[in-house]
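S.K.: Once you've had a glance at the structure underneath, I'll fire off some questions.
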Amino acid sequence: MSTSATTPRTTREAKVDARRDELAESALVTLGERGYARTSLREIAQNSPYSHGVVHYYFDNKVELITYCVRYYKAQCATRYDELVATSTTADELLGRFADKLVETLTDEPQMHRLWYDLRTQAMFEESLREAVLEIDHSLELMIWRVVSRFAELAGARPALDRGTAYALLDGVFEKALLEHLTGTGAALESLRERALTLMPSLISS
């Protein structure tokens, strides 16, 4: 009796979640191109297969939609380096693969990274964004720390800095490369790889 009572509701919830994910994927394209401040729910609908009414049915306002979008996207990329951590057998191998992966994600997803940095800045002014942004930022910090910790372990060393500082340094390097890449000012991809290769060893000590 319990199963029959809960299955229909669970199925409906799954369908709602699936549709919200579809809307998030579509909205991320527009948000990545236009940015947070210049995008409304209506504009998101106009640049998607869905009507404004459908978008508004699943999301009450722009903040709710954008929060969902970024959580959806970052949940997929917050483990992007875990395979490298699990399969690299030497410090040099992990370092090289990590630097290559940074370049790959910058090349493949510049609009999404731009949106993330946009929202992180907006969260300093809009309280409604802060919880989601801080949650996502924390998950990215943990992701980077897994790389740094494993790199230190493989090198027979230990992290020389705390988790937050290591994340801030690598994140700053990536953000600078993103700006260079989007504006065409400098050899962004080559610089990013070289900076990662140089910075990572300074994050550990024997």
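S.K.: Hey, can you grab everything whose amide H is under 5 Å from the amide H of Glu109? Only 5+ residues off in sequence or another chain; H modelled, so Pro and N-termini drop out.
M.R.: It is none; the list stays empty.
S.K.: Take the residue pairs Lys15/Lys101; Lys15/Lys176; Lys15/Lys74 and return only those whose Cα atoms are more than 29 Å apart.
M.R.: Listed pairs above 29 Å: Lys15/Lys101; Lys15/Lys176.
S.K.: Which residue fluctuates most in the GNM of the chain (Cα springs below 10 Å): Glu64, Glu131, Glu83?
M.R.: Glu83
S.K.: So, one more: I need the semi-axes of the equivalent ellipsoid of the chain: take the C-alpha gyration tensor, multiply each eigenvalue by 5, square-root it, list largest first in whole angstrom.
M.R.: Value: 35, 22, 15 Å, ordered largest first.
S.K.: Convert each backbone phi in segment 67-80 into a coupling constant with the Karplus relation 6.51 cos²θ - 1.76 cosθ + 1.60 (shift: θ = phi - 60°), then list the ³J(HN,Hα) values in order as whole Hz, x for Gly and Pro.
M.R.: With the stated coefficients, segment 67-80 comes to 4, 5, 4, 5, 4, 4, 5, 5, 5, 7, 9, 6, 10, 5 Hz.
S.K.: Arrange the following residues from fewest to most other Cβ atoms within 10 Å of their Cβ: Met200, Met143.
M.R.: Least to most surrounded, the residues fall as Met143, Met200.
S.K.: Between the DSSP loop rule and a limit of at most 15 other Cβ atoms within 10 Å, which chymotrypsin sites (Phe, Trp or Tyr not before Pro) in segment 65-131 are left?
M.R.: Listed in order of number, the matching sites are Phe125.
S.K.: For a quick check: sort Arg150, Arg42 by the number of other beta carbons within 10 angstrom, fewest at the front.
M.R.: Exposure proxy ranking, most exposed first: Arg42, Arg150.
S.K.: Residue-wise, which Karplus ³J(HN,Hα) couplings in Hz belong to segment 123-136, taking 6.51 cos²θ - 1.76 cosθ + 1.60, θ = phi - 60°, and x for glycine or proline?
M.R.: 5, 5, 10, 10, 4, 5, 8, 5, 4, 5, 5, 5, 4, 5
S.K.: What is the set of long-range amide H partners of Ile204 at a cut-off below 5 Å, with H atoms built 1.01 Å from backbone N?
M.R.: Ala160
Bear in mind that the values in this text are calculations on the coordinates, not laboratory data. Small disclaimer: the values here were computed from a predicted structure and weren't measured. Virtual Cβ from ideal backbone geometry, glycine too; neighbours counted across all protein chains shown.
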